[in-house]
1. If I ask for residues that are under 24 Å from residue 104 (Cα atoms) and touching a helix residue (DSSP H, G or I) at 6+ places or on another chain (Cβ under 9 Å), which ones from the range 43-58 would you list?
2. Please go through the range 1-14 and give me each residue that is surrounded by 20 or more Cβ atoms within 10 Å (Cβ to Cβ) and either touching a helix residue (DSSP H, G or I) at 6+ places or on another chain (Cβ under 6 Å) or at pLDDT 95 or above (or both), ordered by number.
3. Report, ordered by the first and then the second residue, all pairs with beta carbons closer than 6 Å, sequence separation of six or more or different chains, a first member in the range 83-99 that is on the phi < 0 side of the Ramachandran plot and free of Cβ contacts under 8 Å to residues at least 24 places away in the same chain, and a second member that is in a loop (DSSP other than H, G, I, E, B) and surrounded by fewer than 14 Cβ atoms within 10 Å (Cβ to Cβ).
4. How many residues does the range 19-67 hold that are loosely packed, with under 13 Cβ neighbours inside 10 Å, more than 22 Å from residue 117 (Cα to Cα) and touching a strand residue (DSSP E or B) at 6+ places or on another chain (Cβ under 8 Å)?
5. Here is a check on your reading of the model: is residue 113 at negative phi and in contact (Cβ under 8 Å) with a residue 12 or more places away in the chain?
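The values are calculated or read from the model by the stated rules, or taken from the named source; none is laboratory data. Nothing here was measured: the structure is a model prediction, and the numbers come from that model. Note that each Cβ is placed from the backbone with ideal geometry, even for glycine, and that neighbours are counted across all protein chains shown.
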């Protein structure tokens, strides 16, 4: 198994690194301050205890790779990017999940961080395809994957159960071949 715990890179404004248990207080604080930004799309852990459980579900699981995007200006966590449901064999695929925190939203930090994670996914992780499933009204999330070169592959009604209801999603995907051309 490839090492998925190493940082994926550092750019002009961000550093992407793995989750750590000692990030619980900062992550939870940013998640609480970002509730207005995340609702109704996602619900990251808002308490240190919930973060610890969340991180435990990612760290060491070979079907997941989780990363924190940190702002180099102040080393604060700007957001998170996870690759979930990693499947090996003939599929070599994963599902992307991510969120920015309010203090960092709209500053391009997640785009830079996503570039590092894509390089890691299609490099050391050896994946061929990443998919992001996004609710149609989530314009910021769609814009992020579009800028990264993902293509819209379709619409899935009642795809994921979120906030008490089955939600429609657009399916966006990027392959290693597509990423190499961008």
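1. Correct list: 43, 44, 45, 46, 47, 48, 49, 50, 51, 52, 54, 55.
2. Correct list: 8, 14.
3. That search, which allows pairs on different chains as well, returns nothing.
4. Selection size over the range 19-67: 0.
5. Criteria met by residue 113.
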